[in-house]
Amino acid sequence: MRIGAMAVFATLIVGLSLFNLVPASASESFGFSLHIPGETPLYNGQGQPVMIAGVWHDLSLTLESPVQDLLTVEASSLATQAENMSSHYVWERDEGSSTWSDLLYGFFIKSEYSSSTGDEILFRLGIDAAAVSGTWRILITQDGATVGDQLIEVRTPRVGYGMSSADFNLRWEPFKAAELSSEDKGQYLRVINNGNVPLRLSVTFDKLQSRLSLVNPSDLVHIHSETKYFLRADMDPRPPQIIKVKGTARVEASGLIPSPGATQMVPALESDFDLTVVIGRSGYTVQALGNVFFQTIETLRADYGSVVTWQVYLTGDEDVSLDVDVVGAQLIGVWLGDNPLTLPATLSPSPQAELPLSLQVRTNVPSTLAEVIFTLHLLDSGEVQTYSTVIVVGAKPSTSSLGPSLLWLFASVISASVLALVSYNHLRLEPRSTSRRSSRKGSTKGKRRAGSKAGKKDRRKAKNRGVKKNKAKGKSNRRGNQRRAKVSKKDNGR
């Protein structure tokens, strides 16, 4: 009996211990969800919900029955018995008066974001950023009866981020409006959130502030994620120029609770990046000299012995002296419209329009890098600067042999001429040769016919001669026989 009683007692102790370790709820239909607004709920290794101190959270409760009077949510740290902002909070929903309250401190609830449907309750609440980290217990009481008991983990807020930016370059044509995006060139600002609170990004510019903006569906960088931001420019018509813009990216924690402990958090972190805005013709480099802007093509290619023609452009509000020198080629001339210029030439560009100058250069040196050097001298300030255009000149064609295309063309012409001549001669001579062959065939047939007739006549003659000979021979034989018969008769008579 004693052994059985001890076993029962031990079973009760173990059961009570397990009951205290596992969070309890008054009914199986009770639901509990905790997360930062817009973020995925966080859980620790034990599957407990995680709450970040100092940041607003949505606490969603599903009850077995609608609230009739009061619903109370009490949160306490298990690490200390103190009842202050570091370890103890109480929130209340009064269904009768439809009010929300932070019973202890007054500002850790947002009524405008809280709601109730009777059995579905949403609290937008939070705790101070300096609250004790570790395990907390949340006790839910409905109309005086406990309906839920949930363990959570409270973590200290941590703002952490990484940022990288491209070398932003935006460009468009002079005196034209434009809508540009850095996405076209794959240039973006990237923010990585490696902290445990959501981040909000804002950007300011020291120039063109009203013309530049970020392009992204949201300015929020979620926890454990990264977001790319592109730059957009809505530009009005402007003269050629180069604008250097410095941008400042400001990253700050989103959803912070304005409580005393928030002062221990870094409110914002800033990082600078550069943006170059170029207004100039496509394919041209834009050079700045005081208030004057000069545009020329950086590199040209040309065949040896050819004449290269292109235009350069001046814009500004200051008189300038222009001189041109050429190395490795021959300068033919510089024209302003149809008028040739005598160098150095004094010019008066305008900030409202481009002043075009035409150049012609003869490439008289083969296989070289010719250089056209422009010297600009600002007459008011005395500032002098040189710019250049490089002409890549091809090799001199070989005079000893024709090029492959010319050889092929020449061979084709010769072959066609020979074939034409052979065909012509063949067509011209074919009737004569045919008639000759025909006459030859006719004469040969005639000869053959004549020969055959002569042969037949000769054979007849020969046959007749043979017959005559045989007849003559027969006669002589008969005569001889008759003589021999007469002789023999004479001999017998004797």
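The values are calculated or read from the model by the stated rules, or taken from the named source; none is laboratory data. Everything quoted here is computed from the prediction, not taken from an experiment. Please note: Cβ atoms are built from the backbone with ideal geometry, for glycine as well, and neighbour counts cover all protein chains shown.
Some observations on this one:
Residues checked against (1) of a type in the set (Ser, Thr, Tyr); (2) in the same structural domain as THR386 (by TED's automatic domain parsing); (3) more than 22 Å from GLU183 (Cα to Cα); (4) free of Cβ contacts under 8 Å to residues at least 40 places away in the same chain:
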site: LYS228; (1), (2), (3), (4): no, no, no, no
site: MET235; (1), (2), (3), (4): no, no, no, no
site: PRO240; (1), (2), (3), (4): no, no, yes, no
site: LYS244; (1), (2), (3), (4): no, no, no, yes
site: ALA262; (1), (2), (3), (4): no, no, yes, no
site: VAL266; (1), (2), (3), (4): no, no, yes, no
site: LEU269; (1), (2), (3), (4): no, no, yes, no
site: PHE273; (1), (2), (3), (4): no, no, no, no
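- Failed item in (1) closer than 18 Å to TRP56 by Cα; (2) of a type outside the set (D, E, K, R); (3) part of a loop (DSSP other than H, G, I, E, B), with GLY118 passing the rest: (1)
- Complete set of residues in the range 140-162 that are surrounded by fewer than 16 Cβ atoms within 10 Å (Cβ to Cβ) and of a type in the set (A, V, I, L, M, F, W, C): ALA145
- When each of ALA233, ALA249, ALA288 is tested for being part of a strand (DSSP E or B) and either within 24 Å of the chain's Cα centre (by Cα) or among the polar types (S, T, N, Q) (or both), the lone residue that passes is ALA233.
- Selected residue (only one of LEU407, LEU331 is over 15 Å from THR296 (Cα atoms), among the hydrophobic types (A, V, I, L, M, F, W, C) and modelled with pLDDT under 95): LEU407
- Restricting attention to the range 195-223, the residues being in a strand (DSSP E or B) and either among the basic types (Lys, Arg) or over 24 Å from PRO41 (Cβ atoms) (or both) number 9.
- Scanning the range 209-216 for any residue that is outside the structural domain of ALA353 (by TED's automatic domain parsing), in contact with a helix residue (DSSP H, G or I) (Cβ under 9 Å, 6 or more places away or on another chain) and touching a residue at least 24 places away in the same chain (Cβ under 8 Å) turns up at least one such residue.
- Test: residue in the range 172-194 that is within 46 Å of the chain's Cα centre (by Cα), basic (Lys, Arg), surrounded by 17 or more Cβ atoms within 10 Å (Cβ to Cβ) and part of a strand (DSSP E or B): no
- If you go through the range 305-338 and pick out every residue that is loosely packed, with under 14 Cβ neighbours inside 10 Å and among the aromatic types (Phe, Trp, Tyr), you end up with 0.
- Residue in the range 346-358 that is touching a residue at least 40 places away in the same chain (Cβ under 8 Å) and in contact with a Lys or Arg (Cβ under 6 Å, 6 or more places away or on another chain) present: no
- Test: residue in the range 288-306 that is without any contact (Cβ under 8 Å) to a residue 40 or more places away in the chain and more than 17 Å from VAL392 (Cβ to Cβ): no
One line per residue, one yes/no per condition, for (1) at pLDDT below 95; (2) over 30 Å from THR263 (Cβ atoms); (3) of a type in the set (Asp, Glu); (4) assigned by TED's automatic domain parsing to the domain that holds VAL147:
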position	(1), (2), (3), (4)
ASP58	no, no, yes, yes
PRO66	yes, yes, no, yes
TYR89	no, no, no, yes
GLU92	no, no, yes, yes
SER97	yes, yes, no, yes
GLY118	yes, yes, no, yes
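- For SER358: the one exception among (1) closer than 17 Å to GLN385 by Cβ; (2) surrounded by 14 or more Cβ atoms within 10 Å (Cβ to Cβ): (1)
- Scanning the range 49-64 for residues that are of a type outside the set (D, E, K, R), in contact with a Pro (Cβ under 8 Å, 6 or more places away or on another chain) and over 14 Å from SER133 (Cα atoms) yields TRP56, HIS57.
- Qualifying residue in the range 365-388 (condition: within 23 Å of GLY280 (Cα to Cα), within 37 Å of the chain's Cα centre (by Cα), surrounded by fewer than 17 Cβ atoms within 10 Å (Cβ to Cβ) and of a type in the set (Asp, Glu)): yes
- Considering the conditions (1) surrounded by fewer than 17 Cβ atoms within 10 Å (Cβ to Cβ); (2) assigned by TED's automatic domain parsing to the domain that holds SER381; (3) of a type in the set (Gly, Ala, Ser), ALA302 is excluded by exactly one of them, (1).
- Scanning the range 163-182 for residues that are modelled with pLDDT of 90 or more and in contact with a strand residue (DSSP E or B) (Cβ under 6 Å, 6 or more places away or on another chain) yields PHE168, ASN169, LEU170, ARG171, TRP172, PRO174, ALA178, GLU179, LEU180, SER181, SER182.
- All of ARG137, ARG190 fail the test of being in the same structural domain as GLN241 (by TED's automatic domain parsing), modelled with pLDDT of 90 or more and among the basic types (Lys, Arg), apart from ARG190.
- Any hit, the range 340-347, residues being under 30 Å from ASP236 (Cβ atoms) and hydrophobic (A, V, I, L, M, F, W, C): yes
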